[in-house]
Each structure stands twice: as C-alpha cells, then as structure tokens.
Amino acid sequence: MKKAVFLFACIFTLISCEEEGELTRSLPPVAIDETATPLFEGSFEPTSGINATGKVKIYLENGAHRLDFEDLTISNGPDLKVYLSTAAHPQQFVNLGNFNANNVYTIPQVVNVSDYSHVLIHCQQYNHLFAYAPLQRIQ
C-alpha cells in the first residue's frame, strides 16, 4: 500500500511539473508598436564560456513598459530566464519569463523600471548567468 501511495505521489508530481505557468509558457511573437517610446537600451556582455551578442530596449507603449531584444544571439542553455535586475548578477530581480529572443516581454505594472539597471539572461536551473546588459536611459 505504501508503495502505491508513493508511486501515485511521484506520478502526480511529475505531471503537475509539466503544466505551463505564468512564467514558463512561451509567448506568441509580438512586435513593438511604431509609436512606442524607447526609454532604456543596453548591449549584452557574455559571461565566461558563453557567446552572446545583441541589444535590449525597454519601451513605453500604451502605458505599459515592454522589453524587446535586437539581433540577440546567445549560447544555448537549459531553463534560460529573462530578469530585470538591480545589478549585473541575479541579486534583486524580476523574472519576466522564459527566454526567447523573438518574444516581447511586458513588465508588470507594479515594477518601477527606473529601479533596475540591468537585463540578465540566466539559467535558473543551474544558477548560471549567461549574459547581462547594463541599461542606459535614452535621451
């Protein structure tokens, strides 16, 4: 009986982990509107052993802050996430979701974008930073 309960618990856990949540589902590609105002931009710097090039921009579009990548290429890795961070490493950050260079990320309304100085591409599973982009305000 104990084996059956244990087996059921394992199967239930595995199935429940497969469900996509708010931060794990892939978003359909969306473009930034031509009327959006660019606020911040940065160029990605790779960490040791990683190849990364490209830029990131944060726009104000219809009252919402949106993050978009430009010509970004990066080494493949498992469980890559996009973080808006207060530093060049994941110390205090907002997880915007799974990394996809073609996605546009909407930054939650409760986040004060000016409080964050970097965008990170981070492997959450192995706690390994792949690349970071220091943000500069666009004049």
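Could you work out the mean projected area of the convex hull around the alpha carbons of the stretch 49-139, in square nanometres to one decimal?
Details: hull surface 23.5 nm².
With the hull built on Cα positions only, its mean projection is 5.9 nm².
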**OP:** Could you work out the local net charge near residue 66, counting Lys and Arg as +1, Asp and Glu as -1, over the other residues with Cβ closer than 12 Å to its Cβ?
**Re:** -2
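Since every read-out is calculated from the coordinates, none of them should be taken as a lab result. As the structure is a computational prediction, the values presented were derived from the model and not from experiment. Because the Cβ atoms are built from the backbone with ideal geometry, glycine has one as well, and the counts that use them run over all protein chains shown.
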